[in-house]
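The values are calculated or read from the model by the stated rules, or taken from the named source; none is laboratory data. The structure presented is a predicted model; accordingly, all values stated were derived computationally and were not measured. Cβ placement follows ideal geometry from the backbone for every residue including glycine, while neighbour counts extend to all protein chains displayed. Side chains are part of the model used for accessible areas, which takes the heavy atoms of the whole protein and leaves out ligands, DNA and RNA. Shrake-Rupley method; radii C 1.70, N 1.55, O 1.52, S 1.80 Å.
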Amino acid sequence: DKEVTKYLLSDTEAILDYVAKNEPTFNSDKLGMIGHSFGGFEVMYLAGKTNRFKAAVAGAGIADLADYYYADKDKGSLGMFSAENVQTKMIPPYADKMFNSSNPLNNIVSINTPMFLWTGENDYRIRKEHSIKMYLGLWRQKKDAELLIYKDEEHYLLKPENMKDLTKRIIDFFEEKLK
């Protein structure tokens, strides 16, 4: 089965319900989530499907599954082969009945979770345009969103000063949103 989000929401909800039931210190009013790359996609997808999280950080994530699938591999994205055979294991969008509801950009109107997005300017795996599109969609809907693009960085941050900066910004974001 190659439906990329088939169990993501149900498994996440089940895990959160289990922890809430079995861990007395669990505070469901202060849940944050963070992900990078495919994890960034999962963060953006979940933010459009549940309001359980009060803050979300998505780094270099896939915001547009169609762009991800149809992009030219040599022009800064993974392309069809990778989309079908690597992490997402997608079937072609035209053959996936759940494609539109799995696409984070199609769920922007449902997002109420404050979101911090970041990416590298020269990301060769997931083009920076994914984070830009998500940010612009959230901004247009007057949603709480921030976007940070690191100059001269790729899919992962390599410069120590940028690593420190991102860490501080994420901590500050979560401290503000999870008060």
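Considering only 16, 46, 65, the Gaussian network model of the chain with Cα springs below 10 Å gives its largest mean-square fluctuation to 16.
Cut-off 10 angstrom, C-alpha nodes, Gaussian network model of the chain. Which of 153, 161, 23 fluctuates the most? Of 153, 161, 23, the most mobile in the Gaussian network model is 23.
For the chain, carbon and sulfur atoms together expose 53% of the accessible surface, with a 1.4 angstrom probe and every protein chain in place. In this structure, the residue pairs whose Cα-Cα separation is over 24 Å, taken from 89/128; 151/179; 21/143; 49/133, are 151/179; 21/143. In the complete set of protein chains, residue-level accessible area for residue 157 is approximately 20 Å², probe 1.4 angstrom.
Taking a ≥ b ≥ c as the square roots of the eigenvalues of the Cα gyration tensor, segment 1-57 is classed as oblate, since a/c reaches at least 1.5 and a/b does not exceed b/c.
Whole angstrom only: what separates the Cα centroid of segment 31-93 from the Cα centroid of segment 109-152? After rounding, the separation between the Cα centres reads 12 Å. Each Lys and Arg Cβ is given +1 and each Asp and Glu Cβ -1; about its Cα centre, segment 127-179 then shows a dipole of about 280 debye. When the chain is treated as a GNM with alpha-carbon contacts under 10 Å, the residue of 92, 114, 160 showing the greatest mean-square fluctuation is 160. Against the empirical 2.2 N^0.38 Å (N residues), the chain has a Cα radius of gyration ratio of 1.02. About the centre of its Cα atoms, segment 15-95 shows a dipole size close to 220 debye [charges on the beta carbon of Lys, Arg (+1) and Asp, Glu (-1) only; nearest 20 debye].
Report the charge-dipole magnitude of the chain in Debye, nearest 20, computed about the Cα centre from +1 at each Lys and Arg Cβ and -1 at each Asp and Glu Cβ.
Working: 25 positive and 27 negative charges, 72 e Å.
I would put it at about 340 debye.
Classify segment 87-170 from the C-alpha gyration tensor, please: rounded if a/c falls under 1.5, else prolate or oblate depending on whether a/b exceeds b/c.
Since a/c reaches 1.5 but b/c is at least a/b, the shape of segment 87-170 is classed as oblate.
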